[in-house]
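A.B. asks: The following block contains the structure, expressed as structure tokens.
The values are calculated or read from the model by the stated rules, or taken from the named source; none is laboratory data. All values derive from a computational prediction rather than experimental measurement. Quick reminder, even Gly has a Cβ in these numbers, built from the backbone with ideal geometry, and neighbours come from all protein chains shown. For the accessible areas, the whole protein counts, side chains as well, though only heavy atoms, and no ligand, DNA or RNA atoms are used. Shrake-Rupley method; radii C 1.70, N 1.55, O 1.52, S 1.80 Å.
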Amino acid sequence: MTQASHARKQKKIVASLKLHKFQKMVMHSKARFRVCVAGRRWGKTQVSKISLVKEAARKPKQLVWYVAPTYQMARDIMWEDLKASIPTKWIVKANETRMVISLVNGSRIHLKGADKPDTLRGVGLNFVVIDEAQDIKEHTWELVLQP
């Protein structure tokens, strides 16, 4: 499969996931940092999931993270839905223990917990989603993730 045909298929799958108009506004924003303050059942997790897949599929060898306040929250909120939303032919390996999905294009999606900030240091990220940010220590963003 050529790179162009692979990219077209990726766009079709990502486009097929449903978003309402306000989710689309967040999703398509060109802002470097996007903050979404919305109530329960608004669909923040849906936007996060689609963003993670889109960024990992966009170009090869991307390092994409989803960070929740705790490792267990990352598993409970995102892991099963994320795995189910990625076509199986895109996945090279899904490590259940470490919650890492390796894609055929060399990109990886990691789910992390912010409860041990030092475990988040030392890597260059291409894209990160922080969920439930109000429950994550400010210095975790300022000193660990943002740089």
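A.B. asks: Obtain the nm distance between the two label points defined at Glu80 and Trp42 by a simple spin-label model: each point lies 7 Å from its Cα along the Cα-to-C-beta direction.
C.D. replies: Each label point lies 7 Å from its Cα, and together they span 2.5 nm.
A.B. asks: Can you give me the distance in nm between label points at Val104 and Glu132, each placed 7 Å from the Cα along the Cα-to-Cβ direction?
C.D. replies: Inter-label distance under the simple model: 3.5 nm.
A.B. asks: Hey, what do the phi angles of the stretch 128-133 turn into as Karplus ³J(HN,Hα) couplings, whole Hz, using 6.51/-1.76/1.60 and θ = phi - 60°, x for Gly and Pro?
C.D. replies: 9, 10, 10, 9, 6, 4
A.B. asks: Continuing with this model, one more query. If we restrict to alpha carbons, what Rg and Dmax does the chain come to, in Å?
C.D. replies: 14.9, 44
A.B. asks: Using modelled amide H (1.01 Å from N, peptide plane; none on Pro or chain starts), what sits under 5 Å from the amide H of Trp65, excluding residues fewer than 5 places away?
C.D. replies: Amide H to amide H, under 5 Å and 5 or more residues apart or across chains, Trp65 pairs with His110, Phe127, Val128, Val129.
A.B. asks: Considering only the chain, what is the antiparallel percent among its DSSP beta bridges, to the nearest 5?
C.D. replies: Bridges in the chain that DSSP calls antiparallel: roughly 40 percent.
A.B. asks: Roughly how tilted is helix 3-16, in degrees to the nearest 10 and between 0 and 90, from the longest Cα axis of the chain?
C.D. replies: 60 degrees
A.B. asks: Okay, next question. So what J values fall out for the stretch 121-126 if you push phi through Karplus, 6.51 cos²θ - 1.76 cosθ + 1.60 with θ = phi - 60°, rounded to Hz, Gly and Pro as x?
C.D. replies: 7, x, 10, x, 9, 8
A.B. asks: Where does each of Lys61, Lys54 land when they are ordered by accessible area, with a 1.4 Å probe and the largest first?
C.D. replies: Correct descending sequence by accessible area is Lys61, Lys54.
A.B. asks: Now a separate question. Could you give each residue of the stretch 103-118 its phi-based ³J(HN,Hα) in whole Hz, using Karplus coefficients 6.51, -1.76, 1.60 with θ = phi - 60°, and x for Gly or Pro?
C.D. replies: Calculated HN-Hα couplings, in order: 9, 4, 7, x, 6, 9, 10, 10, 9, 10, x, 8, 6, 10, x, 5 Hz.
A.B. asks: Moving to a separate point now. On a 0 to 90° scale, report how tilted helix 44-58 is relative to the longest principal axis of the chain, with both axes built from alpha carbons and the result rounded to the nearest 10.
C.D. replies: Once rounded, one gets 50 degrees.
A.B. asks: Between Leu143 and Thr119, what is 0.36 nm times their sequence separation minus the Cα-Cα distance? Round to one decimal in nm.
C.D. replies: Full-extension gain reported as 7.4 nm.
A.B. asks: Now a separate question. Work out the length of the dipole vector of the stretch 16-128 about its Cα centre, built from +1 on the beta-carbon of each Lys and Arg and -1 on the beta-carbon of each Asp and Glu, and round it to the nearest 20 debye.
C.D. replies: So the dipole magnitude of the stretch 16-128 works out to roughly 480 debye.
A.B. asks: Give me the mean projected area, in nm² to one decimal, of the convex hull enclosing the Cα positions of the stretch 106-147.
C.D. replies: 3.1 nm²
A.B. asks: Also, quick follow-up: By per-residue mean of other Cβ atoms within 10 Å, what is the highest-first order of 63-75, 127-139?
C.D. replies: Ranked by mean Cβ neighbours within 10 Å, highest first: 63-75, 127-139.
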